[in-house]
1. Run the numbers on segment 144-222 and let me know its relative contact order in percent, using alpha-carbon pairs under 8 Å that are six or more apart.
2. Residue 46 to residue 212: FRET efficiency via 1/(1 + (r/R0)^6), r the Cβ-Cβ distance, R0 41 Å, to the nearest 0.05?
3. Could you tell me which of rounded, prolate or oblate describes segment 42-88, using a ≥ b ≥ c as the square roots of the eigenvalues of the alpha-carbon gyration tensor, with rounded for a/c under 1.5 and, failing that, prolate when a/b is larger than b/c and oblate otherwise?
4. Between residue 123 and residue 137, what is 0.36 nm times their sequence separation minus the Cα-Cα distance? Round to one decimal in nm.
5. From the P(r) of the chain, can you give the percent of Cα pairs sitting at distances over 25 Å?
6. Considering segment 125-195, what Rg and Dmax in Å follow from its alpha-carbon atoms?
Amino acid sequence: MIPEDKIEHLVEKYIKHGQTIGIGSSELGLKFLKKMALKKEIEGLDLKIVPTSAEMTLILKQLNLEAVSLDEKEVDIAIEFADLIDYNYNYIKKQSKSFVRDKMIAQSAETLIIVAEKNNFVSKLFGIVPFEVSPFWWKRTKMQLENMGASRERKQESLTKTESGNYIIDVLTDSIPSPEEFEYQSKEIPGILETGLFVGYADRIILHEKNKLEVKSRIGKN
């Protein structure tokens with residue numbers, strides 16, 4: 001788990017006056033949001049946030065941060081916390097309130113920064129990939145996902161629902177040699193609305209290891 005002082009460092013380095021910011025829905029994303037609210041309060045910054053969940057929208061109100069939609073503003077910078085990321089800047093995110101909304105943020109951001117543990121920086125992606133699926137005949141969709149890997153619906157007391165009322169199915173993969181092909185094949189299955197596999201969006205990677213942060217970039221300055 002990335003410590004709070006490192007999250008605070010990221011806020012200090014990358015959050016600037018006048019930005020419109022996207023933050024992917026996750027536990028660490030909410031911690032980042034709270035650190036950002038403190039910076040805004042101390043420095044009097046003008047910040048606008050594109051929320052990806054009802055929970056985040058509520059927290060924005062509590063923290064006196066302005067919420068805007070993608071219909072109103074383009075995102076200057078987006079911060080995402082990933083479970084696994086490969087050397088080509090593709091990544092997997094497992095926890096989300098809405099993979100559809102998170103991917104819209106990733107696609108719209110002028111700069112997308114991905115934060116992950118260094119031991120989760122790998123040559124090839126593998127493991128669990130979540131899929132957001134339509135509840136309409138979802139068992140049929142799950143059956144077809146078996147061609148991608150062993151699949152299981154995500155449950156707590158009942159089926160887990162996203163912000164849009166969709167279900168999440170987790171698919172276990174041994175290896176993903178081509179994320180582009182994996183993404184394309186999955187989207188060919190009727191009922192698949194979005195995946196937790198993000199291909200080609202990231203601009204910078206920040207890796208955490210032993211209380212240090214290592215920055216990698218394909219857009220120039222770190």
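No lab work stands behind these numbers, since they all come straight from the coordinates. Note that the coordinates shown come from a computational prediction; the quantities given were computed from them, not determined experimentally. In this analysis, Cβ positions are derived from the backbone assuming ideal geometry, glycine residues included, and neighbour counts consider all displayed protein chains.
1. 20
2. Computed FRET efficiency for residue 46 and residue 212 comes out at 0.80.
3. Prolate, because a/c is 1.5 or more and a/b exceeds b/c.
4. Gain on extension, residue 123 to residue 137, equals 1.5 nm.
5. Counting pairs separated by more than 25 Å, the tail of P(r) holds 39 percent.
6. Just the Cα atoms of segment 125-195 yield Rg and Dmax of 11.5, 35 Å.
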